[in-house]
């Protein structure tokens with residue numbers, strides 16, 4: 001992948017990256033069109049996400065906010081732009097051990113995803129489970145919008 005920040009051509013390369021500083025993705029703007037599209041796909045059209053006029057009048061945030069699950073769904077796109085896996089035979093999203101939505105994402109926010117490899121666990125020959133610490137933060141915000149422990153299984 002041409003724009004990847006880090007490349008892992010083997011399990012040994014993944015293991016060598018454990019505990020290294022986080023890799024940050026490029027900012028993604030979460031605008032109203034993105035929020036509305038997500039609301040349509042998930043059928044979650046709660047006004048705090050989809051009604052800018054009502055949100056301006058009634059919400060403590062004075063604007064619409066992104067769904068927490070929209071924020072979470074951005075993780076895989078950043079991951080594939082931040083990392084390349086030459087020689088990889090397969091990868092599976094194994095799930096999350098923890099996800100917390102720790103701060104709202106106001107419409108128009110520029111979000112940045114951050115990934116730190118915390119642990120690599122051997123599963124079987126040529127296959128590992130990677131434990132990633134993920135953080136998503138709006139530029140200028142005091143706290144992350146989301147933190148998660150994400151597990152990806154990789155086979156070489």
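Rule-based calculations on the coordinates, nothing more; no lab input. Keep in mind that what you see is a predicted model, and the values were worked out from it rather than measured. Note that each Cβ is placed from the backbone with ideal geometry, even for glycine, and that neighbours are counted across all protein chains shown.
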Place the peptides 29-38, 111-120, 89-98, 13-22 in order of packing, highest mean first, counting for every residue the other Cβ atoms within 10 Å and averaging per peptide. 111-120, 29-38, 13-22, 89-98
Yeah, the range 1-64 with a ≥ b ≥ c from its alpha-carbon gyration tensor (a/c under 1.5 is rounded, else prolate when a/b outruns b/c, oblate otherwise) is prolate
Pseudo-spin-label distance residue 6 to residue 33, built 7 Å along Cα→Cβ, given in nm, is 3.3 nm
Which semi-axis lengths, in whole Å and largest first, follow from the square roots of five times the eigenvalues of the Cα gyration tensor of the chain? 33, 14, 13
Linear extension gain, residue 76 paired with residue 155, 0.36 nm per residue minus alpha-carbon span: 26.7 nm
Gyration tensor on Cα atoms of the range 73-156, a ≥ b ≥ c root eigenvalues, a/c under 1.5 rounded, else prolate if a/b beats b/c, else oblate, says prolate
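Quote to one decimal, in nm, the extra length available between residue 143 and residue 46 on full extension: 0.36 nm per residue of separation minus the C-alpha distance between them.
Result: 32.5 nm gained on full extension.
Extension gain residue 102-residue 53, at 0.36 nm per residue separation less the Cα-Cα distance, in nm?
Between residue 102 and residue 53, full extension yields 15.2 nm more.
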Output the relative contact order of the chain, whole-number percent, from Cα pairs under 8 angstrom with separation of 6+ residues. 30 percent
